[in-house]
1. Once you've got the Cα coordinates, tell me which of 195/268; 24/81; 61/195; 17/81; 17/195; 81/281 are over 30 Å apart.
2. Please state the shape class of the chain: rounded when a/c is under 1.5, otherwise prolate if a/b exceeds b/c and oblate if not, all from the C-alpha gyration tensor.
3. Could you pull out every residue, at least 5 positions away or on a different chain, whose amide H is within less than 5 Å of the one on residue 123? Hs are placed 1.01 Å off N in the peptide plane, and Pro or chain starts have none.
4. Could you list 49, 114, 207 so that the one with the fewest beta carbons within 10 Å of its beta carbon is first and the one with the most is last?
5. Using +1 on the beta carbon of Lys and Arg, -1 on that of Asp and Glu, and nothing else charged, what's the dipole of the chain about the Cα centre, debye to 20?
6. Taking amide H positions as placed in the peptide plane 1.01 Å from N, state which residues far from residue 240 in sequence (5 or more) or on other chains have amide H under 5 Å from it.
7. Based on alpha-carbon centroids, what's the gap between region 161-178 and region 50-110 in Å, whole number please?
8. Pick out, from 189, 158, 91, the residue whose Cα sits farthest towards the positive end of the charge dipole of the chain, with +1 on the Cβ of Lys and Arg and -1 on the Cβ of Asp and Glu.
Amino acid sequence: MNNSSTHQSFAAARFIKEIGRGKKGARSLLREDACQLYGAMLDGRVSDLEMGGIMLAMRIKGESVEEIAGFLDAAEASFEKLSGPAGEYAPIVIPSYNGSRQMANLTPLLALLLAQQGVPVLIHGVVTDPGRVTTAEILHILGFTFSRTIQEAAAHLAQREPVFMPIESLAPRMAHLLAMRRMLGVRNSTHTLVKIMQPFAGPALRLTSYTHPEYLEMLSTYFTTAAPPARGDAFLMRGTEGETVANARRAQQIEWFHEGERTTLVQKQAPTDELPPLPLKNDAVTTAAWIQAALRGEQPVPAPIAEQVEHCLFVSRRLQAG
């Protein structure tokens, strides 16, 4: 149940009329209208019935670039921003909302390798996900505590420690909409927004991913035409089981977006029968132990992840230099 009773209700019918006509008949909202609608959803001013209608209509229609841009404008205005510490590198943002089902989740390895070089790293996402091994679970085993406030996060970033903030702590209003998947049984636009949002007040490098091919075109267009350049840069790649860490077995293509320009940093690697040494199992305990060994130099860092780290360092340093 939302908290619309404590706020002035928002009449969403005129928006639903546009987006709710099915995949072929629906029309997309303008950026300003999308911002207004999503802002009302975040504020709890949309009734439960209308909320379900909006989420299902967008699920069927698919978000346009204008709609994603407007939604993100409202989303980033709904929570307190972090400040990146002074230093050689701009912050790097790693969303983690999928975890892994089959492969070992090596997102923590990516984050820790970057932090070792002095990069301020923010990971945000879900703590648990039934049937999946989350980044948060692995980091917990590795001895890292979660930051529940902006102040806690800032203190850890200043020490160049990787920060994990649960989405409930970073952006509680978005977390509420994210949780509606349990009620409706399907994902909604918020699942895309949390993977591309920029939680810092200043420029940062966002590592972003997609799982369905149609989102490659939509997000590429967003980052080249609609994303505010002052918010920093973004890397976009096909997710490794949805995560933004390079696939240890076979590198996927990585695109870099900077001030509306798109550059291919990594080409998709051809299939190969030669596999790098990886954790024998994908559970959190085994994965955490393997990551510790890799950080000590006892296991080789998979080449695609090592290459991803180098690209991250280059762009992060460039961003910080202005």
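Please treat every number below as a calculation from the coordinates, not as lab data. What you see is a predicted model; the values in this text were computed from it and never measured. Please note: Cβ atoms are built from the backbone with ideal geometry, for glycine as well, and neighbour counts cover all protein chains shown.
1. From 195/268; 24/81; 61/195; 17/81; 17/195; 81/281, over 30 Å: 24/81; 17/81; 81/281.
2. Prolate shape, in that a/c is at least 1.5 and a/b is the bigger ratio.
3. 94, 163, 164, 165
4. By the 10 Å Cβ count, ascending, the order reads 49, 114, 207.
5. 660 debye
6. 245
7. Region 161-178 and region 50-110 have Cα centres separated by 10 Å.
8. The residue sitting most towards the positive pole is 189.
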